[in-house]
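Take a look at the structure set out below.
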Number of protein chains: 2
Amino acid sequence: VQPLKTVPEPVTRLIDELSRLPGIGPKTASRLTFFLLRASSEQATALADALRDLKARTTFCEICFNITEASPCVVCQSEERSARVICVVEDPLDVLAIERTREFVGLYHVLHGAISPMEGIGPDDLKIRELIARVAEGSAEEIILATNPSLEGENTADFIRRKLALYPVRVTRLARGLPVGGDLEYADEVTLIRALEGRREI
Amino acid sequence: VQPLKTVPEPVTRLIDELSRLPGIGPKTASRLTFFLLRASSEQATALADALRDLKARTTFCEICFNITEASPCVVCQSEERSARVICVVEDPLDVLAIERTREFVGLYHVLHGAISPMEGIGPDDLKIRELIARVAEGSAEEIILATNPSLEGENTADFIRRKLALYPVRVTRLARGLPVGGDLEYADEVTLIRALEGRREI
């Protein structure tokens, strides 16, 4: 018997496209595709529309490279924000996290990742050159390097710190220590060492 | 400070839509969204198009409920296939797996899942009623219950077997035993018991 092509091309194509996403293997891609086949047309359409709008209706801010519907973004355009402090983060969601604190009144700079030789991401793949240019031309007095407290984040902060040594700006890093609400006995050693190093008089 | 809405609506909407997919939590949904933001427009569009085509260009076969571009499907329409044997499977990918053997010349019936009280899937959520009707009206002589060798698959096969007891058809189940190329010492007990039970003279 000749095996028949029992799976239509649109199905295999969606499985292929989903498999191209990071962390989605062929098995997960199949599972998602068959879920969508059985889901309502509305759900599949809503997802397709959201995908299309993601690219059609967003852009990167020409100043800070955060995602925005119109460039410059709301933060860069706001008259209530101070251009003297720039907080450098890896991702747009980091901006959201810092905004939620309601404590930061400066501007942002989104790198779009961290230096990672393992994943083939070098300084030129990030918005580091643009940050240096912003510092060179702008009125920033302090650069807060708020990259993640991970190996990649530390390396990225270190790389930028050395690049910024040429400019008359204060370069700071977010404090490391015990998370509020955390439990001392469950803290890892490195966090505990940093918490001791950074201890403050009360 | 009033926190600013720094993440545009199309971004949060895509995160929300992706989070509705099974096995995709908010963290994975964010990661995928930010990956797509940085990916080429072509990749996002290809994925959106594939999603749209999945619903627009496929349908279920009115006879066997496999996915197809046109109903009835290629298998049900083929004059080389025998209507005397119907192989009942859970998913369209199971049809593909059996077609690849090039050994099966009968027709299929796709249940679209298995009975699973845990997931709230009952017999009426599957194409079981349609299978019984097919057997009642058709010329099938043997029904091969090729549901998965899992708890849900076994329960589903058992449920269907009892329903089919009223009709003059042979009801069979795929053999259980050691997988070809497998290693006896690593076989689980249940598989080994089934392999012993099903032993054949050589």
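The values are calculated or read from the model by the stated rules, or taken from the named source; none is laboratory data. Because the structure is predicted, anything quoted here is derived from the model rather than measured. All Cβ positions, glycine included, derive from the backbone under ideal geometry; neighbour counts span all protein chains shown. To get the accessible areas, we keep the full protein, side chains included, count just its heavy atoms, and leave off ligands, DNA and RNA. Shrake-Rupley method; radii C 1.70, N 1.55, O 1.52, S 1.80 Å.
Just give me the residues in region B:154-202 being at pLDDT below 80 and hydroxyl-bearing (Ser, Thr, Tyr), in sequence order.
B:Tyr186
Please go through region A:136-170 and give me each residue that is over 20 Å from A:Asp91 (Cβ atoms), hydrophobic (A, V, I, L, M, F, W, C) and touching a helix residue (DSSP H, G or I) at 6+ places or on another chain (Cβ under 9 Å), ordered by number.
The answer is A:Ala140, A:Leu164, A:Leu166, A:Val169.
Identify, please: which residue in region A:58-68 is surrounded by 15 or more Cβ atoms within 10 Å (Cβ to Cβ) and assigned to a loop (DSSP other than H, G, I, E, B) and is, among those, farthest from the other protein chains (Cβ to nearest Cβ)?
If we take residues in region A:58-68 being surrounded by 15 or more Cβ atoms within 10 Å (Cβ to Cβ) and assigned to a loop (DSSP other than H, G, I, E, B), then A:Ile63 is farthest from the other protein chains (Cβ to nearest Cβ).
Could you go through region A:126-145 and let me know if any residue there is at pLDDT 95 or above and within 14 Å of chain B (Cβ to nearest Cβ).
Yes: one or more hits.
Going through A:Leu36, A:Leu32 one at a time, which residue ends up being under 27 Å from the mean Cα position of the chain (by Cα) and under 21 Å from B:Val11 (Cα atoms)? Give the derivation first.
Numbers: A:Leu36 fails: under 27 Å from the mean Cα position of the chain (by Cα).
That would be A:Leu32, the only listed residue that is under 27 Å from the mean Cα position of the chain (by Cα) and under 21 Å from B:Val11 (Cα atoms).
Kindly indicate which of A:Glu197, A:Glu185 is loosely packed, with under 14 Cβ neighbours inside 10 Å and within 30 Å of A:Leu131 (Cα to Cα). Can you show your working first?
On the way: A:Glu185 fails: within 30 Å of A:Leu131 (Cα to Cα).
On inspection, the qualifying residue turns out to be A:Glu197.
Could you list, in sequence order, the residues of region A:1-17 that are part of a helix (DSSP H, G or I) and within 7 Å of chain B (Cβ to nearest Cβ)?
The initial filter retains those residues of region A:1-17 that are part of a helix (DSSP H, G or I), namely A:9-17.
Within region A:1-17, A:Pro10, A:Val11, A:Arg13, A:Leu14, A:Glu17 qualify.
If A:Ser71 satisfies every condition in (1) open to solvent by 50 Å² or more (accessible area, probe 1.4 Å); (2) more than 9 Å from every other protein chain (Cβ to nearest Cβ) but one, which is the exception?
For A:Ser71, the exception is condition (1).
Identify, from the list A:Glu79, A:Glu103, A:Glu99, the residue that is over 17 Å from B:Thr33 (Cβ atoms), of a type in the set (Asp, Glu), facing chain B (nearest Cβ under 10 Å) and open to solvent by 10 Å² or more (accessible area, probe 1.4 Å).
Details: A:Glu79 fails: facing chain B (nearest Cβ under 10 Å); A:Glu99 fails: open to solvent by 10 Å² or more (accessible area, probe 1.4 Å).
Matching residue, one of A:Glu79, A:Glu103, A:Glu99: A:Glu103.
Taking the residues in region A:106-127 that are part of a loop (DSSP other than H, G, I, E, B) and touching a Phe, Trp or Tyr at 6+ places or on another chain (Cβ under 7 Å) as candidates, determine which candidate is most open to solvent (accessible area, probe 1.4 Å). Full working, then the answer.
Pass one, region A:106-127, residues part of a loop (DSSP other than H, G, I, E, B): A:106, A:111-115, A:120, A:122, A:126-127.
Now restrict to residues that are touching a Phe, Trp or Tyr at 6+ places or on another chain (Cβ under 7 Å): A:112, A:115, A:127.
Numbers: A:His112: 24, A:Ile115: 23, A:Lys127: 60 Å².
Looking at the filtered set, the residue picked out is A:Lys127.
Look at B:Ile24 and say whether it is more than 7 Å from every other protein chain (Cβ to nearest Cβ), in a helix (DSSP H, G or I), open to solvent by less than 30 Å² (accessible area, probe 1.4 Å) and not charged (D, E, K, R). Don't jump to the end; show me each part of the working.
Values: more than 7 Å from every other protein chain (Cβ to nearest Cβ): yes; in a helix (DSSP H, G or I): no; open to solvent by less than 30 Å² (accessible area, probe 1.4 Å): yes; not charged (D, E, K, R): yes.
Judged against the criteria, B:Ile24 is not a match.
Being more than 22 Å from the chain's Cα centre (by Cα) and within 30 Å of B:Arg102 (Cα to Cα): is that true of B:Arg84 here?
Numbers: more than 22 Å from the chain's Cα centre (by Cα): yes; within 30 Å of B:Arg102 (Cα to Cα): yes.
So B:Arg84 passes the test.
Which one is farthest from B:Ser41 (Cα to Cα) among residues in region A:36-55 that are of a type outside the set (S, T, N, Q) and modelled with pLDDT under 90?
If we filter region A:36-55 for residues that are of a type outside the set (S, T, N, Q), which is where we start, we get A:36-39, A:42, A:44, A:46-55.
Cutting the leftovers down to modelled with pLDDT under 90 gives us A:37-39, A:55.
On the way: A:Leu37: 25, A:Arg38: 28, A:Ala39: 26, A:Lys55: 7 Å.
In this case the residue turns out to be A:Arg38.
Residue by residue through region B:39-57, note down the ones that are under 22 Å from the mean Cα position of the chain (by Cα) and more than 7 Å from chain A (Cβ to nearest Cβ).
Within region B:39-57, just B:Ala56 meets the criteria.
So the check is Cβ under 6 Å with 6+ separation or different chains; which pairs have a first residue in region B:68-81 that's touching a residue at least 60 places away in the same chain (Cβ under 8 Å) and a second one that's open to solvent by less than 50 Å² (accessible area, probe 1.4 Å)?
none
What's the number of the condition A:Gly153 fails, among (1) under 16 Å from the mean Cα position of the chain (by Cα); (2) under 20 Å from A:Phe60 (Cβ atoms); (3) buried (at least 18 other Cβ atoms within 10 Å of the Cβ)?
(2)
Just checking, does region B:99-106 include any residue being farther than 25 Å from A:Leu4 by Cα and without any contact (Cβ under 8 Å) to a residue 12 or more places away in the chain? Break it down into steps so the answer makes sense when it comes.
Looking only at region B:99-106, we keep the residues that are farther than 25 Å from A:Leu4 by Cα, and these are none.
Taking every residue of region B:99-106 in turn, none turns out to be farther than 25 Å from A:Leu4 by Cα and without any contact (Cβ under 8 Å) to a residue 12 or more places away in the chain.
Considering only residues that are touching a strand residue (DSSP E or B) at 6+ places or on another chain (Cβ under 6 Å) and surrounded by fewer than 22 Cβ atoms within 10 Å (Cβ to Cβ), which ones fall in region A:131-148? Outline the logic, then answer.
Residues of region A:131-148 that are touching a strand residue (DSSP E or B) at 6+ places or on another chain (Cβ under 6 Å), as a first pass: A:131, A:140, A:142-146.
Selection gives A:Glu142, A:Ile144.
Being of a type in the set (A, V, I, L, M) and over 23 Å from B:Asp124 (Cα atoms) is the filter; apply it to region B:163-182 and report the residue that is least open to solvent (accessible area, probe 1.4 Å).
As a first pass, look at region B:163-182 and keep what is of a type in the set (A, V, I, L, M): B:164-166, B:169, B:171, B:174-175, B:178, B:180.
Checking which are over 23 Å from B:Asp124 (Cα atoms) leaves us with B:174-175, B:178, B:180.
Details: B:Leu174: 92, B:Ala175: 99, B:Leu178: 76, B:Val180: 153 Å².
Ranking the candidates gives B:Leu178 first.
For residues that are of a type in the set (A, V, I, L, M, F, W, C), surrounded by fewer than 19 Cβ atoms within 10 Å (Cβ to Cβ) and in contact with a helix residue (DSSP H, G or I) (Cβ under 7 Å, 6 or more places away or on another chain), tally how many sit in region A:37-57. Break it down into steps so the answer makes sense when it comes.
Restricting attention to region A:37-57, the residues satisfying the condition of being of a type in the set (A, V, I, L, M, F, W, C) are A:37, A:39, A:44, A:46-48, A:50-51, A:54, A:56.
Applying the additional criterion that residues be surrounded by fewer than 19 Cβ atoms within 10 Å (Cβ to Cβ) yields A:39, A:46, A:56.
In the following step, the residues that additionally are in contact with a helix residue (DSSP H, G or I) (Cβ under 7 Å, 6 or more places away or on another chain) were identified as A:46.
Summing the residues that are of a type in the set (A, V, I, L, M, F, W, C), surrounded by fewer than 19 Cβ atoms within 10 Å (Cβ to Cβ) and in contact with a helix residue (DSSP H, G or I) (Cβ under 7 Å, 6 or more places away or on another chain) in region A:37-57 gives 1.
Pairs, please: C-beta under 6 Å, at least 6 apart or cross-chain, first residue in contact (Cβ under 8 Å) with a residue 40 or more places away in the chain and part of a strand (DSSP E or B) and in region B:128-151, second open to solvent by 10 Å² or more (accessible area, probe 1.4 Å) and among the charged types (D, E, K, R)?
That search, which allows pairs on different chains as well, returns B:Glu142/B:Arg170; B:Leu145/B:Arg173.
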